[in-house]
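These notes are about the structure you will find just below.
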Amino acid sequence: MKTLYLDCFAGISGDMAIGALLDLGLRLEDLTEALAKLDLEGYELSLDRITHGGINAVRFKVAVTTAQKSLRSLSSIQQLIETSSLSHPIKQKATAIFQRLGEAQAKIHGLEMQSVQLQDVGAIDAIVGIVGMCVGLEAIGIEQIVASPLHVGSGMAVGEDGAYPIPGPVTTEILRGVPIYAKDIEGEFVTPTGAAMIATLAKDFVKLPLMRVEKVGYGAGARVYEKFPNVLRAVLGEVDESDQTPDTITVIEANLDDLNPQVFGHLMELALTAGALDIFYTPVQMKKNRPGVLLTMLCAPEKREPLVALIFRETTTLGVRYREERREILRREFVTIETDYGPITIKIARNQMGQIMNASPEFEDCQAAALRHQVAIRQVQLAAMQAYART
């Protein structure tokens with residue numbers, strides 16, 4: 001799968017993101033032509049190459065030429081996007097990003113969504129940045145985005161309403177659920193626009209995944225920091241889809257002390273069919289000195305809601321707990337080898353460097369072969385590993 005990995009060691013903004021895409025091969029002419037499909041005037045685009053901390057990067061600029069001081073509502077911006085002749089995927093992504101940005105603005109400022117407005121200068125910059133990002137992803141053919149945890153910066157900044165802490169309140173609200181960190185370097189590294197883009201578009205926030213790198217691009221930020229490259233690194237490459245196990249999982253738990261034991265097996269089958277990665281039961285001693293069972297279920301974050309609904313439907317619990325956890329996993333792949341007992345599937349686990357860390361025959365294949373040939377399972381397993389060693 002064609003993947004864009006955004007390394008946000010210096011944060012992210014709309015200008016930095018588009019600069020990185022331009023460095024990867026997006027043409028400014030194509031970007032300008034696509035943005036012309038919006039009924040939007042009063043801006044000019046330009047780029048140049050600059051060096052930050054010894055790294056040559058593309059500096060993308062949006063010069064707002066309008067002298068108006070009018071306001072644009074969130075709904076009018078979304079309407080502007082919807083009525084354009086841009087492709088449906090671009091419209092869908094851009095509208096979702098603005099929705100996330102608007103929801104955060106509304107919550108922080110105590111407004112209703114329909115009351116959220118942006119100053120025309122800021123609105124034009126945000127529209128160009130957000131729509132331009134979506135245009136670039138489509139033009140380059142990027143299928144998914146993965147990002148590093150975000151370096152948000154630290155200190156204080158001054159805005160129209162006075163001083164505020166970094167990361168800003170709107171940015172912090174947008175990044176709920178996203179891993180962020182700060183170092184001793186002061187500055188605002190993640191803008192609300194950059195936060196909304198990456199929080200909406202990124203599939204996950206992890207260290208660099210195993211991928212075949214095709215190109216690397218750098219988008220430059222406006223500020224210059226001593227001995228700190230203010231750039232966004234974009235790594236474009238192919239990610240092997242042989243293992244779709246997520247690095248971030250949701251852990252769901254519930255204590256049960258009055259459930260018919262016959263239901264446990266039934267629930268396990270339903271949960272695994274519904275997408276749970278694992279489910280297990282642990283004996284516990286509960287309040288009032290009652291023996292009970294701790295139900296633990298692992299799943300991808302997007303599977304949490306239907307699995308929680310399943311637990312409520314099939315068990316007697318009145319509440320569940322859930323949390324997100326990080327984990328290190330080995331990439332898995334499967335090969336089929338021929339043995340004297342027929343074909344056996346071997347599961348191979350590799351580390352991030354591609355080195356084989358473990359290989360084992362699939363138990364179900366060995367069990368079926370052992371039953372067919374009336375031999376011990378361990379005999380089939382040994383034959384399978386010997387055949388694999390010869391490959």
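The values are calculated or read from the model by the stated rules, or taken from the named source; none is laboratory data. Computed from a predicted structure; not experimentally measured. Glycine also receives a Cβ, built like all others from the backbone with ideal geometry; neighbour counts cover every protein chain displayed.
Annotations for the structure displayed:
- Flag for ALA10 being assigned by TED's automatic domain parsing to the domain that holds ILE140 and buried (at least 23 other Cβ atoms within 10 Å of the Cβ): yes
- Residues located in segment 309-352, provided they are small (Gly, Ala, Ser) and not assigned by TED's automatic domain parsing to the domain that holds GLN374: ALA309, GLY319
- Inclusion of VAL190 among residues that are in the same structural domain as LYS61 (by TED's automatic domain parsing), modelled with pLDDT of 90 or more and either closer than 30 Å to VAL335 by Cα or basic (Lys, Arg) (or both) is not warranted.
- All conditions but one from (1) in contact with a helix residue (DSSP H, G or I) (Cβ under 8 Å, 6 or more places away or on another chain); (2) farther than 21 Å from THR3 by Cα apply to PHE189; the one that does not is (1).
- Strands (runs of 3 or more DSSP E) contained in segment 232-313 and holding at least 1 residues in contact with a Lys or Arg (Cβ under 8 Å, 6 or more places away or on another chain): 248-256
- Among the criteria (1) modelled with pLDDT of 90 or more; (2) acidic (Asp, Glu); (3) not in a strand (DSSP E or B), the one GLU328 does not fulfil is (1).
- ILE346 meets each of the listed conditions (1) within 16 Å of ILE252 (Cα to Cα); (2) surrounded by 15 or more Cβ atoms within 10 Å (Cβ to Cβ); (3) not acidic (Asp, Glu) apart from (1).
- Leading residue by the ranking (surrounded by the most Cβ atoms within 10 Å (Cβ to Cβ)) among those in segment 296-343 that are touching a helix residue (DSSP H, G or I) at 6+ places or on another chain (Cβ under 7 Å) and of a type in the set (A, V, I, L, M): MET297
- Test: residue in segment 197-205 that is small (Gly, Ala, Ser), assigned to a strand (DSSP E or B) and farther than 17 Å from PRO301 by Cβ: no
- For first residues located in segment 220-235 and under 21 Å from LEU26 (Cβ atoms), partners that are of a type in the set (Lys, Arg) and buried (at least 19 other Cβ atoms within 10 Å of the Cβ) and lie 6+ apart or on another chain with Cβ distances below 6 Å form the pairs ALA220/ARG59.
- Sole exception among (1) part of a loop (DSSP other than H, G, I, E, B); (2) over 24 Å from PRO167 (Cβ atoms); (3) without any contact (Cβ under 8 Å) to a residue 60 or more places away in the chain for LEU111, by number: (2)
- Of the residues making up segment 190-228, those that are closer than 21 Å to ALA126 by Cβ and more than 19 Å from the chain's Cα centre (by Cα) are GLY219, ALA220, GLY221, ALA222, ARG223.
- Criterion applied to GLY136, GLY155 was being assigned by TED's automatic domain parsing to the domain that holds LYS37 and at pLDDT below 95, and the one residue passing it is GLY155.
- Residue count for segment 362-383, restricted to those that are in contact with a Ser or Thr (Cβ under 7 Å, 6 or more places away or on another chain) and within 30 Å of VAL239 (Cβ to Cβ): 2
- Options ILE97, ILE55: the member that is in contact (Cβ under 8 Å) with a residue 24 or more places away in the chain, closer than 26 Å to ASN230 by Cβ and surrounded by fewer than 16 Cβ atoms within 10 Å (Cβ to Cβ): ILE55
- Counting only strands (runs of 3 or more DSSP E) that sit wholly inside segment 117-181, those with at least 1 residues that are farther than 23 Å from VAL62 by Cβ and of a type outside the set (S, T, N, Q) are 144-147, 156-159, 162-165.
- Residues satisfying the stated conditions in segment 347-391, i.e. touching a strand residue (DSSP E or B) at 6+ places or on another chain (Cβ under 6 Å), over 24 Å from LEU210 (Cβ atoms) and polar (S, T, N, Q): GLN381
- Single match in THR200, THR191 (criterion: of a type in the set (Val, Ile, Thr) and surrounded by 23 or more Cβ atoms within 10 Å (Cβ to Cβ)): THR191
- Taking the conditions (1) touching a Phe, Trp or Tyr at 6+ places or on another chain (Cβ under 6 Å); (2) at pLDDT 90 or above; (3) over 14 Å from THR200 (Cα atoms) in turn, ILE124 satisfies each one other than (2).
One line per residue, one yes/no per condition, for (1) within 27 Å of PHE334 (Cα to Cα); (2) assigned by TED's automatic domain parsing to the domain that holds GLU143:
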| site | (1), (2) |
| --- | --- |
| GLU226 | no, yes |
| GLU253 | no, no |
| HIS266 | no, no |
| ILE279 | yes, no |
| ARG290 | no, no |
| ALA300 | yes, no |
| PRO306 | no, no |
